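First up is the structure itself, then whatever we jot down about it.
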Amino acid sequence: MIKVRNLNKIYNPKHNPVHALVDINLDIPYSKRIAIVGKSGSGKSTLMQVMSTLDWATSGEVLINDDNILQYNEKQLDTFRAEKMGFIFQNFYVDDTQNVQENISLPLEIIGENKATRKSKIETALKSVDLLEKSNTLASELSGGQRQRLAIARAIVNKPKILFADEPTGNLDSQTGAKIIQTLFDLTHHLGTTLIMVTHDNSLAKMCDIIFEIKDGCAALINNKEMI
Ligand SMILES: Nc1ncnc2c1ncn2[C@@H]1O[C@H](COP(=O)(O)OP(=O)(O)OP(=O)(O)O)[C@@H](O)[C@H]1O
Ligand SMILES: [Mg+2]
């Protein structure tokens, strides 16, 4: 179980405080698919960034195997993220100066995979998002949807135990989006990955095991059947 305890995030606490997360408590069983829904500006992306340790919490805990990962130092976090986590976020974090395969290689380098293993894992990930033919293309030369698929390939290349996805199909046409969701769901299934996904698509949320709604920075568990 991933346990989120009394999580708070206040942006600009001194000058112009925005209380984006207000005492969030969540119980997330391993290997399940979790949908995070809610209106624009409600705090969904903030929750994903803070839970995944890419941004600092103001207070609170994220317990994985009863270890509070928010207390890890940078080195512990780098290793933990590279080994255990995958991220697909709205602002991508794609490096425009690198080509497609270089962008995907980093988590594998951090965990010390050799060149041949990296190459084969990168190819598998690129195939699963239909981007293999762009391996050597500079990220700056990709379309928006291709960048999104690159971000997805990078997120799954290390076969993560926890996968954070913030509107993973936001920039994609419905057919490509459906294929990507299938890829993410297959991965979840085969690896026992916990998928934590922000979506505004109710039919996609309903395909998940658990739905949390964020309202003004507060979280509530909602029943699948309450979804329209
Ligand atoms: N870096 C920041 N500095 C200050 N305030 C921020 C920052 N990022 C987000 N906020 C504020 O925190 C609140 C939650 O933002 P967040 O990005 O988490 O919303 P969201 O639910 O992901 O919205 P959307 O569906 O539009 O992506 C908003 O009021 C937003 O203006
Ligand atoms: Mg957002």
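Looking for whichever is among the β-branched types (Val, Ile, Thr), assigned to a helix (DSSP H, G or I) and either touching a Cys at 6+ places or on another chain (Cβ under 7 Å) or more than 22 Å from Ala20 (Cβ to Cβ) (or both) here; the options are Thr46, Thr79, Thr97. Which one fits? Steps first, please.
On the way: Thr46 fails: either touching a Cys at 6+ places or on another chain (Cβ under 7 Å) or more than 22 Å from Ala20 (Cβ to Cβ) (or both); Thr97 fails: assigned to a helix (DSSP H, G or I).
Sole residue among the options that is among the β-branched types (Val, Ile, Thr), assigned to a helix (DSSP H, G or I) and either touching a Cys at 6+ places or on another chain (Cβ under 7 Å) or more than 22 Å from Ala20 (Cβ to Cβ) (or both): Thr79.
Restricting the search to the stretch 84-94, which residues are open to solvent by 60 Å² or more (accessible area, probe 1.4 Å) and either farther than 19 Å from Phe164 by Cα or in contact with a Pro (Cβ under 9 Å, 6 or more places away or on another chain) (or both)?
Initial filter on the stretch 84-94 (open to solvent by 60 Å² or more (accessible area, probe 1.4 Å)): 84, 90-91, 93.
Once the filter is applied, which keeps residues that are open to solvent by 60 Å² or more (accessible area, probe 1.4 Å) and either farther than 19 Å from Phe164 by Cα or in contact with a Pro (Cβ under 9 Å, 6 or more places away or on another chain) (or both), the stretch 84-94 yields only Lys84.
Considering only the stretch 177-212, how many residues are hydroxyl-bearing (Ser, Thr, Tyr), more than 16 Å from ligand 2 (Cβ to nearest atom) and open to solvent by less than 40 Å² (accessible area, probe 1.4 Å)?
Qualifying residue count, the stretch 177-212: 4.
Pick out the one residue from Val18, Val100 that is farther than 15 Å from Asp166 by Cβ and within 16 Å of ligand 2 (Cβ to nearest atom).
Working: Val100 fails: within 16 Å of ligand 2 (Cβ to nearest atom).
Exactly one of Val18, Val100 is farther than 15 Å from Asp166 by Cβ and within 16 Å of ligand 2 (Cβ to nearest atom), namely Val18.
Just to be sure I understand the filter: pairs with C-beta atoms under 8 Å, separated by 6 or more residues or on different chains, first member in the stretch 210-228 and on the phi < 0 side of the Ramachandran plot, second member of a type in the set (Ser, Thr, Tyr) and at pLDDT 90 or above. Which pairs pass?
Cβ pairs passing all conditions: Ile214/Ser42; Lys215/Ser42.
Scan the stretch 21-43 for residues that are assigned to a loop (DSSP other than H, G, I, E, B) and within 16 Å of ligand 2 (Cβ to nearest atom) and jot them down.
We begin by selecting, within the stretch 21-43, every residue assigned to a loop (DSSP other than H, G, I, E, B); these are 29-32, 38-43.
Matches in the stretch 21-43: Gly38, Lys39, Ser40, Gly41, Ser42, Gly43.
Inspect the stretch 112-134 for any residue being within 27 Å of Pro29 (Cα to Cα), at pLDDT below 95 and in contact with a strand residue (DSSP E or B) (Cβ under 6 Å, 6 or more places away or on another chain) and give the result as yes or no.
No, the conditions are met nowhere in the stretch 112-134.
Out of the residues in the stretch 18-41 that are within 9 Å of ligand 1 (Cβ to nearest atom) and open to solvent by 10 Å² or more (accessible area, probe 1.4 Å), which is nearest to Ile210 (Cα to Cα)?
First pass over the stretch 18-41, keeping only residues within 9 Å of ligand 1 (Cβ to nearest atom): 18-21, 36, 38-41.
So of that shortlist, the ones also open to solvent by 10 Å² or more (accessible area, probe 1.4 Å) come out as 18-20, 38-41.
Working: Val18: 28, His19: 25, Ala20: 22, Gly38: 14, Lys39: 18, Ser40: 20, Gly41: 21 Å.
Taking the candidates together, the pick is Gly38.
The values are calculated or read from the model by the stated rules, or taken from the named source; none is laboratory data. Since we're looking at a predicted model, the values are computed, not measured. Cβ sites come from the backbone with ideal geometry, for glycine too, and all protein chains shown count toward neighbours. Heavy atoms of the whole protein, side chains included, go into the accessibility calculation; ligands, DNA and RNA do not. Shrake-Rupley method; radii C 1.70, N 1.55, O 1.52, S 1.80 Å.
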